[in-house]
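Remarks on the structure that follows.
The values are calculated or read from the model by the stated rules, or taken from the named source; none is laboratory data. Every value quoted in this text rests on a predicted model; they were computed, and no experiment measured them. Surface accessibility is based on the protein's heavy atoms, side chains included, excluding ligands, DNA and RNA. Shrake-Rupley method; radii C 1.70, N 1.55, O 1.52, S 1.80 Å.
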Amino acid sequence: MYVLVPDDPVFFAKFQSLEEPILRRLYLLQCTGPETDDERTVAAAYDSWVQILLRLPLWSRWQTGDTATGAAPGPGTGHLLHGPRGDLLTSLYPIEVTAAELAQLNACLGLFGRRDGTARDAAAGGTDAGAAAAPPDHDEEVTDSFRRIMAVLSLSPPPLLLGPLLPPRSGTGARTVTLRAEQETAYRAYCEAIVTILSAGDTFAYRSHRAMYL
């Protein structure tokens, strides 16, 4: 299946920030003894995280050394997106993800959320169990970022946008995509959903993030 991800440093930074807490949780589980279901869940989620990271547009450009904002994409890296009046837009890129990858990441998110709940209950009860229930870096902020990333990856791509943004069957050169008026409307609504998911709750962050798409 395809999902549409933005060429957006906010999304990329939040996605990349998941690596350390997932790896740390995996390490702690591996140190506890025989392999457990939780360990297998986190290991599978990390594998899926890596596979999706390798498909993200910013990661591809970092590998080629082309990270300049507004720079034309290199061969095979994507497109430039324009509105009906010729204005340059923040691009959206279709990437393929499997149902299994999303399920593995969601299972890990569920595990993190349950451990947050255990830690909160222990703290409310005035015990030390909270310290054992979650690793030092595993807090509600990490789980919140994880939940926001999964919400973006679960958005249904508008058919009006997905078709024109899919890479051509032949050719690897950079290309320009110009949206029609109705496609731009779908683009604005979809990008507003992304910004709301990623930045809601912080007025300054929301306004700064939304300015990327206006």
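Taking a 1.4 Å probe, which of MET150, MET1 shows the most accessible area, and what order do the others take after it?
So, going from the largest accessible area down, we get MET1, MET150.
What figure, in Å² to the nearest 10, do you get for the accessible area of LEU58 with a 1.4 Å probe and non-protein molecules left out?
My reading of the accessible area for LEU58 is about 20 Å².
Rank these residues by their accessible area, most exposed first, probe 1.4 Å: THR196, THR185.
THR185, THR196
Would you grab the residues whose amide H sits under 5 Å from the one on HIS82? Only those 5+ places off in sequence or on another chain, please, with H modelled 1.01 Å from N.
LEU89, VAL177, THR178, LEU179
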